[in-house]
Amino acid sequence: MNVSKKTKKPISDETRRKMSESQLKRRGWEQSEKGVLKKKCSRCKVVMDVTPENFSRDKSRWSGFHHRCHNCQAAQRGHVRTTLCFICGADMQNIQEGLRGKTKHMSQRGVCSLECLKKRKKMTNFAFNLWKKYKITPEDYEKMLYEQNNCCAICKTDKPRSSRKGGWLVDHDHETGQVRGLLCLKCNSGLGLFKDSVEALQEAVVYLNKTSQISASKLEQ
């Protein structure tokens with residue numbers, strides 16, 4: 001029996017216009033001065049207008065657009081080389097001419113030369129993902145965990161509660177990319193829900209102190 005696959009329907013332009021600014025920001029969208037919606041490409045991190053000229057249509061996504069810009073999509077297919085090498089950070093436009101299977105290595109490896117390809121092959125997936133996302137090594141990861149006494153930097157639990165290798169989640173500043181520490185799943189999710197806002201967290205502390213005092217006074221009565 002053939003079961004038809006259900007695809008996620010994209011939000012219409014009319015519905016998207018009605019969405020509040022906070023909803024759009026949670027999805028990585030911004031409102032420009034001209035009223036055109038802007039978003040950040042997930043690969044090159046460049047914020048640009050959400051138009052067919054910059055992003056291809058994708059009906060399977062809520063936005064109706066792909067999460068990568070045209071240049072990064074084409075770079076993955078090996079048509080153009082505008083992104084950076086995952087290993088050395090060099091521009092992929094300068095990819096080595098003698099690299100065999102350039103298209104394959106562009107899309108699967110993300111390297112620009114034979115030297116970077118050799119380094120990539122020696123790295124485990126865990127080490128490569130740490131370097132690709134946060135520019136740190138497994139040694140840096142272990143050092144941070146040791147300095148935190150093998151516990152979460154916030155709640156001090158020794159149980160990361162994550163299925164990822166190593167268990168602990170790397171917390172970083174989304175604006176600068178700077179790594180801040182290793183957190184358990186709950187603390188990392190909490191910071192994300194508060195959008196890394198110091199003001200919001202301070203208001204939450206004030207709220208908890210206030211409500212705890214009210215509860216204590218009621219118990220005394």
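We did not get these values from a lab; they are worked out from the coordinates using the rules stated. Keep in mind that this is a model prediction, so the values were computed, not measured.
Values computed for the structure shown
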item	result
5 angstrom amide H check on G181, placed H, neighbours 5+ away	D171
Above-threshold pairs, the threshold being 24 Å between Cα atoms, out of K38/K195; K39/K132; K119/K195; K39/K156	K119/K195; K39/K156
Inverse of mean 1/r across different Cα pairs in the stretch 127-221, Kirkwood, Å	15.1 Å
